[in-house]
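The values are calculated or read from the model by the stated rules, or taken from the named source; none is laboratory data. Quick caveat, the model's predicted, so the values are computed rather than measured. For neighbour counting, all protein chains shown are included, and Cβ atoms are generated from backbone atoms with ideal geometry for every residue, glycine included.
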Amino acid sequence: MSEHRPSASRRPSLRRQLAWTFSALALAVAIAQAALVWFTGHQAEEAMIDSIAGEQLRQSIAQYSRDPALAQPNTPDMRLYVAAGGDLSGLPPFLRHLPQAAGRHELHPEADLEYHVAVGHDDGRWFYLVYDVADHERRQRNVIAVLAISVAVIALGVLAASDRLARRLTGDLERLSLAVRGETTAGQGGKLAELARHAESADLASALDDQRHRLDAALARERAFSAAASHELRTPLMRASSTLELLRGTDLDEHQRTKLDQLGAGLTEITMLTAGLLRVARGGARGAGSVIALPELVGEVVAHLESEARARSIAIATRVPSAATGVGDRDALWIVLTNLLRNAIRHSGGARVSVDWLDGVLGVSDDGRGFDAGQGPGSRLRGTDGEGGNGLGLGLSIVERICEAAGWRITIDSDPARGTRVAIAIPQRPTERESAP
């Protein structure tokens, strides 16, 4: 069972993941540091408040024994209350429930009001120093605001810096990707390892260089073999073709001429396949920017295969506008269309084959048995079944290779209930690269 892998467009971006990771870590550190600063400052502020209240209470108690009128603190934030002999009537309600024991308390009589109370005892009296800490609370809120602003500024700075850092870290991978796809001149004619700035990406680039070298060597061997084989076949094919032409000029009866025509058709087919192999071996197309008169080309291919279709009781229909034109290698398109049409005639199992042109797409359709689309068009193109199979053999493999070399996009749509349609997207005007001098 094949493992399902997400398409490249759906995979998450490594650069974005690195940027977000750096940002999240930096933001977490900034928030943690701000929280630590606030907590430390808050604890110090609370300790300072308790120290101020305790010191003022001691001074007020000492002053009360000398002159009660002078015992009150000289700041509006503090007030001293005294209860003697257990009489709490002179105390505010929020102080009456406090235990009569020396200590410190934090009270909230109202929602926006906070008091720190220091309680002391001397000479049978209880002293309550009430400290309104509104100024301290305001200062702590200002500290929180400053910390929040600093965290926000750090976050913005980190977002900008993390993207630059992530681009720098993933720059090797992006350069290697562009070089491998051929979208940049970097690395052409040289080693990809020269594009790497880091050890890990250099290892990857070296592995790609080795793989590219092996592929180039294998492709060179394949092209050399195909070219040599095709070249060696052309000489006997030319002799056979010349002999056929000489035989046609002799006195032959109808039966002999029929057999001679069949032999000529087979020879033409072998010549076409040889030309296709040689074209694939070259890895390119000649006359790629030439304008092709499609009605004329389709007519030639149909005329070439019409006798075979008639012998198999298959009707060929064409729907190609008289002014239809495409841009590309005419010989390559002739080989492609002949292979597709011959494959439909011989192996579709239907009674009708059609060739049509619509919106830059040349299509070959049949009403035959088709094949299971679950096997995938790509695998069917590479098949090698013979006459007894579905017929998607060497011919379609050549078609695919020639289309790849010519830059034509080929698609196959097949269903056992409605036959097969092969479509080739052909440009109707020269591309920028083809029109360049």
Conditions (1) more than 21 Å from Asp413 (Cβ to Cβ); (2) touching a strand residue (DSSP E or B) at 6+ places or on another chain (Cβ under 6 Å); (3) in contact (Cβ under 8 Å) with a residue 60 or more places away in the chain; number of the one not met by Ser348: (1)
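Being out of contact with any strand residue (DSSP E or B) (no Cβ under 8 Å at 6 or more places or on another chain) and among the β-branched types (Val, Ile, Thr), is that true of even one residue in segment 162-178? Reasoning before the result, please.
Our first condition is that a residue be out of contact with any strand residue (DSSP E or B) (no Cβ under 8 Å at 6 or more places or on another chain); within segment 162-178, this holds for 162-178.
Checking the rest, the ones that are also among the β-branched types (Val, Ile, Thr) come to 170.
The answer is yes, given that some residue of segment 162-178 is out of contact with any strand residue (DSSP E or B) (no Cβ under 8 Å at 6 or more places or on another chain) and among the β-branched types (Val, Ile, Thr).
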Can you spot a residue in segment 245-256 that is at pLDDT 80 or above and of a type in the set (Ser, Thr, Tyr)? yes
What pairs come up if the first residue lies in segment 109-123 and is without any contact (Cβ under 8 Å) to a residue 40 or more places away in the chain, the second is among the hydrophobic types (A, V, I, L, M, F, W, C) and surrounded by 20 or more Cβ atoms within 10 Å (Cβ to Cβ), and their beta carbons are under 6 Å apart, counting only those six or more places apart or on different chains? Glu114/Val133; Tyr115/Val130
Could you tell me whether Thr40 is modelled with pLDDT of 90 or more, farther than 16 Å from Tyr131 by Cβ and in a helix (DSSP H, G or I)? yes
Matching residues in segment 135-160 (among the small types (Gly, Ala, Ser) and in contact (Cβ under 8 Å) with a residue 24 or more places away in the chain) number 3
Inside segment 356-385, the number of residues satisfying the requirement of being buried (at least 17 other Cβ atoms within 10 Å of the Cβ), of a type in the set (A, V, I, L, M, F, W, C) and at pLDDT 75 or above is 3
Among the residues of segment 78-90, which ones are modelled with pLDDT under 90 and of a type outside the set (Gly, Ala, Ser)? Asp87, Leu88
Quick one: how many residues across segment 386-424 are under 31 Å from the mean Cα position of the chain (by Cα), at pLDDT 80 or above, buried (at least 16 other Cβ atoms within 10 Å of the Cβ) and not in a loop (DSSP other than H, G, I, E, B)? 14
Ile316 vs (1) modelled with pLDDT of 90 or more; (2) surrounded by 16 or more Cβ atoms within 10 Å (Cβ to Cβ); (3) part of a helix (DSSP H, G or I): all pass except (3)
